[in-house]
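This report refers to the structure that appears directly beneath it.
The values are calculated or read from the model by the stated rules, or taken from the named source; none is laboratory data. Predicted model, so just to flag it, every value in this text is computed and none were measured. All Cβ positions, glycine included, derive from the backbone under ideal geometry; neighbour counts span all protein chains shown. Just the protein is used for accessible areas: all its heavy atoms, side chains included, with ligands, DNA and RNA removed. Shrake-Rupley method; radii C 1.70, N 1.55, O 1.52, S 1.80 Å.
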Amino acid sequence: MTVIEIDDLRKTYKNNRALDGVSLTVARGEIFGLAGPNGAGKTTVVECVSGLRRPDGGRVRVLGLDPQGDRRALLQRVGAQLQEAALPDGIKVGEALRLYASLYDHPADWRTIMDEWGLTERKDSRFGGLSGGWKQRLFIALALVGNPEVVLLDELTTGLDPDARRTTWGLIRAMRDRGVTVVLVTHFMDEAEALCDRIAIIDRGRVVAEGSPRELIGAARATSLDEAYFTLTGRARA
Ligand code: ADP
């Protein structure tokens, strides 16, 4: 079943064409990666999906809803990862989860989510004192506390050390295994290869390739997604 449908999406900021006709579909229960270099348009796609940004053209449907017209209904069913600045340093982990749960019509039990994501031992820790890895874990838990069907994660592992990154990958797989559809923005090809069921590679506002990691590697006759990426985009290694 299709959960997200994007058809010919267009967005120009002043005279900078950020999206130049992006089309893709995301199926229920998959981890779908939006991969590509910085400035490719990945965040703009996610912002159009969440209703934060109004496209200039094209059509977006999420769970059958229009993110612009049906934003309130969609907010109840789609979880988005917060940016760091969204939480005050002084708030405690438990307080943040309780507060976010109160914003939803049909939330999960925030204590259960706290337990499941290993946060109970940090319940009384203040956000400002958490390491990057613990903050990411809290952001994932907050994205899930509303019981969403779809979760949008943008550059979740940027700035994490390799251990914290792998832990975060495990948490994302656990999310998918519970039936949540995950859209993951990343510019790390190893991350996309390890984690995603399907990937759209975006470059200069267009989808240049789409498929499973195995299909993309095969199409490029490469040995890794990282290698395939350079073939498929025609970009030179830095
Ligand atoms: P990515 O997430 O792949 O790094 P973005 O969607 O953030 O790409 O950006 C795509 C292009 O749009 C970039 O050239 C970026 O500089 C530009 N852009 C993004 N947001 C804005 C904005 N609010 N105003 C002007 N230009 C923007």
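When the residues of the range 1-17 are filtered to those that are within 16 Å of the ligand (Cβ to nearest atom) and assigned to a strand (DSSP E or B), which remaining residue is most open to solvent (accessible area, probe 1.4 Å)?
Selected residue: Arg17.
Annotation note: Cβ proximity below 8 Å between a residue of the range 226-238 that is within 15 Å of Ile199 (Cα to Cα) and a residue that is modelled with pLDDT of 90 or more and among the charged types (D, E, K, R) (sequence gap 6+ or interchain) occurs for Asp226/Asp190; Asp226/Glu193; Thr233/Asp203.
Restricting Val26, Val46, Val78 to those that are under 18 Å from the mean Cα position of the chain (by Cα), surrounded by 14 or more Cβ atoms within 10 Å (Cβ to Cβ) and more than 30 Å from Arg126 (Cα to Cα) reduces the list to Val26.
Residues are listed down the side, and each one gets a yes or a no for (1) touching an Asp or Glu at 6+ places or on another chain (Cβ under 8 Å); (2) closer than 27 Å to Trp169 by Cβ:
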{"site": "Thr12", "(1), (2)": "yes, no"}
{"site": "Asp20", "(1), (2)": "no, no"}
{"site": "Ile31", "(1), (2)": "yes, yes"}
{"site": "Asn38", "(1), (2)": "no, yes"}
{"site": "Thr44", "(1), (2)": "no, yes"}
{"site": "Asp56", "(1), (2)": "no, no"}
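Of the residues making up the range 119-142, those that are surrounded by 21 or more Cβ atoms within 10 Å (Cβ to Cβ) and under 17 Å from the mean Cα position of the chain (by Cα) number 7. One residue alone among Asp89, Asp190, Asp115 is without any contact (Cβ under 8 Å) to a residue 24 or more places away in the chain and either farther than 23 Å from Val3 by Cα or not in a loop (DSSP other than H, G, I, E, B) (or both), and that residue is Asp115.
Quick grid of which residues meet (1) touching a strand residue (DSSP E or B) at 6+ places or on another chain (Cβ under 8 Å); (2) surrounded by 15 or more Cβ atoms within 10 Å (Cβ to Cβ); (3) at pLDDT 95 or above; (4) over 15 Å from Phe32 (Cα atoms):
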position: Gly170; (1), (2), (3), (4): no, no, no, yes
position: Val183; (1), (2), (3), (4): yes, yes, yes, no
position: Asp197; (1), (2), (3), (4): yes, yes, yes, no
position: Val207; (1), (2), (3), (4): yes, yes, yes, no
position: Pro213; (1), (2), (3), (4): yes, yes, yes, no
position: Glu227; (1), (2), (3), (4): no, yes, no, yes
position: Phe230; (1), (2), (3), (4): no, no, no, yes
position: Thr233; (1), (2), (3), (4): yes, yes, no, yes
position: Ala236; (1), (2), (3), (4): no, no, no, yes
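Mind listing whichever residues of the range 26-48 are over 20 Å from Gly79 (Cβ atoms) and either basic (Lys, Arg) or touching a strand residue (DSSP E or B) at 6+ places or on another chain (Cβ under 7 Å) (or both)?
First, the residues of the range 26-48 that are over 20 Å from Gly79 (Cβ atoms): 35-41.
Correct list: Ala35, Gly36, Pro37, Ala40, Gly41.
Does the range 143-152 contain any residue that is in a loop (DSSP other than H, G, I, E, B), of a type outside the set (Ser, Thr, Tyr), without any contact (Cβ under 8 Å) to a residue 24 or more places away in the chain and open to solvent by less than 60 Å² (accessible area, probe 1.4 Å)? Checking the range 143-152: not a single residue is in a loop (DSSP other than H, G, I, E, B), of a type outside the set (Ser, Thr, Tyr), without any contact (Cβ under 8 Å) to a residue 24 or more places away in the chain and open to solvent by less than 60 Å² (accessible area, probe 1.4 Å).
The set of residues in the range 157-187 that are more than 30 Å from Arg235 (Cα to Cα) and part of a strand (DSSP E or B) contains only Thr181. Considering the range 37-64 alone, what residues qualify as being assigned to a strand (DSSP E or B) and within 12 Å of the ligand (Cβ to nearest atom)? None - no residue of the range 37-64 is assigned to a strand (DSSP E or B) and within 12 Å of the ligand (Cβ to nearest atom), so the list stays empty. When residues in the range 18-34 are screened for being within 16 Å of the ligand (Cβ to nearest atom) and either among the small types (Gly, Ala, Ser) or without any contact (Cβ under 8 Å) to a residue 60 or more places away in the chain (or both), 3 of them pass. Gln68 satisfies every condition listed in (1) surrounded by fewer than 16 Cβ atoms within 10 Å (Cβ to Cβ); (2) out of contact with any Pro (no Cβ under 9 Å at 6 or more places or on another chain); (3) not aromatic (Phe, Trp, Tyr) except (2).
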